[in-house]
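Asker: Sharing a structure below in structure tokens format, with a few things to ask.
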Amino acid sequence: MTPEVRIPADLLPSDGRFGSGPSRVRDSQVRALVAAQPDLLGTSHRQAPVRSLVGDVRRMLAELFSAPEGYEVVLGNGGSTMFWDVATFCLVDRVAEHGSFGEFGSKFAAGTNAAPFLDASIVRSAQPGAVAVPIGGEADVYAWPHNETSTGAMAPVKRPDGDGLTLIDATSGAGGLPVDLAQADAYYFAPQKSFGSDGGLWFALLSPAAMERARRIEEHRWVPASLSLTAAIDNSLKDQTLNTPAVATLVMMRAQLEWMLGIGGLAATAARSEESSAHLYNWAEDRDWARPFVARPEDRSSVVVTIDLDESVSSDALRRQLRANGIVDVDPYRKLGRNQLRVGVFPGVSPDDVRALTACIDYVVERMAS
Ligand SMILES: *Cc1c(COP(=O)(O)O)cnc(C)c1O
């Protein structure tokens, strides 16, 4: 396809991938994959090489998040969506309270609400673009997303008042947002966002209270083996998984963790996302045809930036032009249905590329209007 607007090469970002998940895979991750041939790829996950890979990933995640004493890094197959089911079965005792302010938070709330062995869920909701978190009290689980990928709103991770376990969906927040893990009993995510790897696995940093809860519940509640958190914990402690994991995904994950720790850990990775997102919000505020979608500055995500466009600038047409120039996946969340751009600025995306992106958007918008 020939672009109607050809962006000059010197304006283009070094890498045109700005998706909110799956997100940009860094070259060094692909090189790590090539280097994993033949000693890791295609070898048994019950033998030392893959087990030490799993061990490295677990150890590096604990280091990245400064896991408090007694917390464990647990993993399993199925991605974050599967972890919602694991948590519904193994962590919610009687009733869950959810913060729901977008697609992902609402999906987990719908999951616990539909479970026949649980009471109806308590749901605190807010319009897309705002934030709502549990207020605490009678529920035995409080759950909300650290970052709502569908809207670009982020929420504080702070325990509500009450004795419930705090479960944080950090699928898009983990690795790009600062966090104090002492404020959560499960901080869970999948590898295809900040970690720039592939989907299909889930990781959870679990507190002693969360692990204790799972053991107690699984003593009396039937749980399918693939959803058993105690089975996942017991396997993870041995650097194993219940069934065969995605080895290539783990290889790319380890390479990203090496990079993250090498540049200074979570403080450094969060600073990159913060710099990129601040640039985008400032840029949007400076244009009379663009503005940040999330109203309250403190709710604006530093990893997924949503920008509303004036009706004079069609997001569809703009994105078509960008795609023809190699800049891809700045699409709004499909169900939100807004004339919007959504930009994934996970740590793997360099702030320089984000500055190049806005220069390219300006270039195209000027020419589209004429
Ligand atoms: C992407 C995403 C999910 C879904 O992750 P899967 O691994 O595809 O199940 C869940 N929650 C949030 C906040 C996400 O961004």
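The values are calculated or read from the model by the stated rules, or taken from the named source; none is laboratory data. Bear in mind the structure is a predicted one, so any value in this text is a computation, not a measurement. Note that each Cβ is placed from the backbone with ideal geometry, even for glycine, and that neighbours are counted across all protein chains shown. Note: areas computed on protein heavy atoms with side chains; ligands, DNA, RNA excluded. Shrake-Rupley method; radii C 1.70, N 1.55, O 1.52, S 1.80 Å.
Asker: Rank these residues by their accessible area, most exposed first, probe 1.4 Å: Ser350, Ser277, Ser312.
Answerer: Values: Ser350 30, Ser277 5, Ser312 90 Å².
Final ranking, largest accessible area leading: Ser312, Ser350, Ser277.
Asker: Work through the residues other than Thr166 whose Cβ is under 12 Å from its Cβ and net out their charges, Lys, Arg +1 and Asp, Glu -1. Display every interim value, and only then the final one.
Answerer: Values: positive: Lys158, Arg159, Arg213; negative: Glu97, Asp140, Asp161, Asp163, Asp169, Asp180, Asp185.
Residues close to Thr166 contribute a combined charge of -4.
Asker: Could you report the chain's accessible area per residue, 1.4 Å probe, as an integer in Å²? Write out the running numbers ahead of the final one.
Answerer: Numbers: 14870 Å² over 370 residues.
Spelled out: the 1.4 Å probe surface of the chain, per residue, equals 40 Å².
Asker: Quick one: what are the phi-derived ³J(HN,Hα) couplings along the range 250-263, Karplus 6.51/-1.76/1.60 with θ = phi - 60°, whole Hz, x for glycine and proline?
Answerer: Working through the residues one at a time gives 5, 4, 5, 5, 4, 4, 5, 5, 4, 5, 4, 5, x, 8 Hz.
Asker: Need one number: % antiparallel among DSSP beta bridges in the chain, to the nearest 5. Intermediate results must be reported in sequence, preceding the final value.
Answerer: Working: 21 of 39 bridges.
About 55 percent, rounded to the nearest 5.
Asker: Please report, in whole Å, how far the alpha carbons of the range 3-53 spread along each principal axis, starting with the longest.
Answerer: On the principal axes, the range 3-53 reaches 54, 21, 16 Å in Cα extent.
Asker: Determine the dipole magnitude for the range 281-370: charges of +1 sit on the beta-carbon of Lys and Arg, -1 on that of Asp and Glu, nothing else is charged, the reference point is the Cα centre, and the result goes in debye to the nearest 20.
Answerer: Dipole magnitude for the range 281-370 comes out near 340 debye.
Asker: While we're here: How many percent of the alpha carbon pairs in the chain exceed a separation of 25 Å?
Answerer: On the way: 36771 of 68265 pairs.
The answer is 54 percent, as a whole percent.
Asker: So, one more: Along the range 106-121, what does the Karplus equation 6.51 cos²θ - 1.76 cosθ + 1.60 (θ = phi - 60°) give for ³J(HN,Hα), rounded to whole Hz, x for Gly and Pro?
Answerer: 6, 5, 5, 4, 5, x, 5, 5, 7, 5, x, 8, 10, 6, 4, 6
Asker: Next question. Scan the chain and report its longest stretch carrying no chymotrypsin sites (Phe, Trp or Tyr not before Pro) that are both in a DSSP loop and have at most 15 other Cβ atoms within 10 Å.
Answerer: Numbers: sites that count: Phe117, Trp222, Trp289.
With chymotrypsin sites (Phe, Trp or Tyr not before Pro) excluded where exposed in loops, the chain gives 1-116 as its longest stretch.
Asker: Output the relative contact order of the chain, whole-number percent, from Cα pairs under 8 angstrom with separation of 6+ residues. Write out the running numbers ahead of the final one.
Answerer: Numbers: 776 pairs, mean separation 90.6, N = 370.
For the chain, the relative contact order is 24 percent.
Asker: Counting Lys and Arg as +1 and Asp and Glu as -1, what is the net charge of the other residues whose Cβ lies under 11 Å from the Cβ of Ser315?
Answerer: Values: positive: Arg319, Arg320, Arg338, Arg342; negative: Asp308, Asp310, Glu311, Asp316, Asp331.
Once positives and negatives cancel, what remains is -1.
Asker: What is the diffusion coefficient of the range 77-145 in µm²/s, taking the Kirkwood radius over Cα pairs and the Stokes-Einstein relation at 25 °C with a viscosity of 0.890 mPa s?
Answerer: Details: Rh = 11.9 Å.
Stokes-Einstein gives a translational diffusion coefficient of 207 µm²/s.
Asker: Under the rule that an exposed site lies in a DSSP loop and has at most 14 other Cβ atoms within 10 Å, name the longest stretch of the chain with no trypsin sites (Lys or Arg not before Pro) of that kind, not counting the sites themselves. Working shown, then result.
Answerer: On the way: sites that count: Arg6, Arg46, Arg94, Lys158, Arg221, Lys238.
Answer - 239-370.
Asker: With 26 Å as the cut-off, how large is the P(r) tail for the range 1-119, expressed as percent of Cα-Cα pairs?
Answerer: On the way: 3572 of 7021 pairs.
Counting every Cα pair in the range 1-119, those more than 26 Å apart make up 51 percent.
Asker: State the answer as a single residue: which of Leu229, Ala153, Pro22 lies farthest towards the positive end of the charge dipole of the chain, with beta carbon charges of +1 for Lys and Arg and -1 for Asp and Glu, about the Cα centre.
Answerer: Ranked along the dipole, the leading option is Pro22.
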